[in-house]
Every structure is written in structure tokens, then in C-alpha cells.
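Report on one structure; see the data block that follows.
The values are calculated or read from the model by the stated rules, or taken from the named source; none is laboratory data. For clarity, every value in this text was computed on a predicted model and none was experimentally measured. We place every Cβ from the backbone using ideal geometry, glycine too, and count neighbours over all the protein chains shown. Quick note on the areas: whole protein, heavy atoms, side chains included, nothing else; ligands and nucleic acids left out. Shrake-Rupley method; radii C 1.70, N 1.55, O 1.52, S 1.80 Å.
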Amino acid sequence: VSTQSTGAAPVDVASLLSRLQCHVKVYRVRVSEYFRDFDVLKSGSISRGAFQRGLAGMQGKQFDLTPAELDALSLFYQDPNIPGNVRWSAFQSDIEKIMTEPNLEKSPKLDIQSNDDIKLDSWDKEIKVTDSERELCQKVVERLRNQISQRRIMTKTVLPDFDRHNYGYVSKNQFAQSLSYLGLECTEPEKKAVYSVYGDAKGINFDSFLKLLDPAPCEPRKYENNLAEMVRYIREREEGTERLLRRDGCSTVQGVISSVKDTVMKKRIRLLEFFKDYDKLKSGKISKNNFKTGARFVWFKI
């Protein structure tokens, strides 16, 4: 993929294809559905005008390709055999590589790179926001935040209802309708400022807006505290065990076992007699309390 020049500023076709792949991946678009009706002869080649109309249909309401970008794509995929035609089948093959690699049955060991990091705003164009709009938007957010705090309004149950596909975006009309439903009034200049800061070609990014407007309370993480307390408890038990061993003249548990072995062998004590009655199933395992009870009798004998 190279850069195509159409008489105006050069267009980076690689970046343009990546942007279209992002659109196809996020919206699960079938590219062939927008071009095959123009290809009556099933040759994989259609006219330039039909190709550009197919691109417009493929993007739908999110259509944002400039005439220079349309011409660059048409020039890059032009059909060398039929002047004025575009090879839409080659375009489809390049775009749908974002979904899956073709002919995987011929190369089953091919390493496929994951593209799960692609999101809706991966290729958003930067929108210039003036300082006055940003300042007005900040004042609106502060005022609405105070109203939400005073009235105890649940904002997170309204805006997500309009986002059926969990993209994090809603339209301007849906955004205005949500504010009206919540009882949060804004003037037209204030709405335009919010649209400029949190809006783009796909709508209003209400997810970012809600994080600033009604942030979720930061709850303390209990796992780290519980883990630290557990470690402290284990260390205290280990230190207590070491103190008892030092008091009895043994430095380790192995020392205790060696001492018991010597005493049992000298006094001819059968340890099995003190524990077997607790092992009803003859499994060689008893509970900790039963072991302590049996050990008391052993220590009494020792």
C-alpha cells in the first residue's frame, strides 16, 4: 500500500484502509453486500461511480470520506484491463483481513495477530475545540454535577439505555432527550459546547461525559488489606512456633520430630495406639483436634 496523489494533497491509502477496517470490525459490516449488486457480470470489477456509491453505503451515517480520499481509493484499485473500472473484489479482500485471514485451511500454522484492541474511536479525527467552548462546557458540567448531587439523580440508568450496542456513543437528539428526562436543563449554546467537547462524527461520547459528570465512588481495595493481614497473622504464628521450639530446646520442627523419635524408641511407645481410634475409615488421616488430643497422651507418656 502506498500514497496516492490525486492532484490535491497526497492521501495515505494505508491509513485510509486501516480506518475503514476499524469501521468494518466495530460495526460488523459485510463489504460485499454494498458492491455485488453493481457487478452484474460477477467479474469483481465495477465502475468508479458505483464503487464510490458502495463506499458511501458501507459507511452509512458515519460516512466521512473526502472526495480526495474517494479518488485515491478508486485510483489505487483501478482495473488495468477495463479503463474507468475499480476492482472491488480486491478492495473487499484487503478490508476483510481485519476479520479473518483467508485460506487458513492451506496454512493452519499461520500466526494470527489479535485485533481485539480496536475500538470505535480508534480512528476518530481530531476536532478543534475553542477555549471559550471548553470553558463553557466545564461550567455546564460543574452546574449539572451540583444538581445531581443535590437531587440524588441516577444518571447511569438513562443514557446507556440508548446505547443498544454498547459503543459508548449516543446521538445528539438522544443526548438532549436524556438531559430533559433527568431534569437537567441546558441552553442551546451550552449544548453546542458539550457537543464540541464530547462529540465527534459518531455522536456524543457519553461514557467520558458521565465519568466527569457523575464519577463512581472510589471504594477501597480490600484484597491488599486482607492479604497483608493474612501475611502478618502467618508470620506471628511462625514466630510463636519458633519461640516454643527454642523454649523446649529445639530450633526446628525436624528437631522436635527427632526428639520424639529418640524418646519413643527408648521407652518403646507405640504411637499408633494413641491415634488409630480416631481414624474410623483407616485412611491415615484424622482431624487437627483429634491429633492434638492424641498428642497430649503421647506427651504425657514421654
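Quick notes on this structure:
- Search result, residues across region 53-85 that are β-branched (V, I, T) and under 23 Å from K25 (Cα atoms): T66
- Verdict on S74 being surrounded by 17 or more Cβ atoms within 10 Å (Cβ to Cβ) and small (G, A, S): yes
- Of everything in region 140-161 that is touching a residue at least 40 places away in the same chain (Cβ under 8 Å) and open to solvent by 60 Å² or more (accessible area, probe 1.4 Å), the residue that is nearest to S196 (Cα to Cα) is R145.
- Residue pairs whose Cβ atoms lie under 7 Å apart, separated by 6 or more positions or on different chains, with the first residue in region 24-45 and at positive phi and the second open to solvent by 20 Å² or more (accessible area, probe 1.4 Å) and modelled with pLDDT of 90 or more, are G44/R87; G44/W88; G44/S89.
- Residue count for region 252-289, restricted to those that are under 25 Å from E238 (Cα atoms) and either surrounded by 14 or more Cβ atoms within 10 Å (Cβ to Cβ) or at pLDDT below 75 (or both): 8
- Evaluation of D79 against (1) in contact with a Phe, Trp or Tyr (Cβ under 8 Å, 6 or more places away or on another chain); (2) more than 22 Å from C22 (Cβ to Cβ) (one fails), failing number: (1)
- Here V31, V40, V26 are screened, and the one residue that is surrounded by 14 or more Cβ atoms within 10 Å (Cβ to Cβ) and over 15 Å from S93 (Cα atoms) is V26.
- Filter result for the condition that a residue is assigned to a helix (DSSP H, G or I), touching a His at 6+ places or on another chain (Cβ under 8 Å) and not β-branched (V, I, T), over Q21, Q52, Q59: Q59
- Flag if V170 is modelled with pLDDT of 80 or more and surrounded by 11 or more Cβ atoms within 10 Å (Cβ to Cβ): no
- Taking (1) surrounded by 15 or more Cβ atoms within 10 Å (Cβ to Cβ); (2) modelled with pLDDT under 80; (3) over 17 Å from Y181 (Cα atoms); (4) not acidic (D, E) in turn, K125 satisfies each apart from (1).
- Scan of region 77-107 for residues that are in contact with a Leu (Cβ under 8 Å, 6 or more places away or on another chain) and either open to solvent by 60 Å² or more (accessible area, probe 1.4 Å) or in a loop (DSSP other than H, G, I, E, B) (or both), ordered by number: E101, L104
- Some residue of region 145-162 being touching a strand residue (DSSP E or B) at 6+ places or on another chain (Cβ under 7 Å) and of a type in the set (G, A, S): no
- Residues located in region 52-94, provided they are among the basic types (K, R) and under 33 Å from the mean Cα position of the chain (by Cα): K61
- Residue match in region 232-243 (condition: at pLDDT below 70, surrounded by 12 or more Cβ atoms within 10 Å (Cβ to Cβ), of a type outside the set (G, A, S) and out of contact with any strand residue (DSSP E or B) (no Cβ under 6 Å at 6 or more places or on another chain)): yes
- Subset of region 141-199 (residues that are outside any helix (DSSP H, G or I) and closer than 18 Å to K211 by Cβ): I153, M154, V158, D163, N166, Y167, G168, Y169, V170, L184, G199
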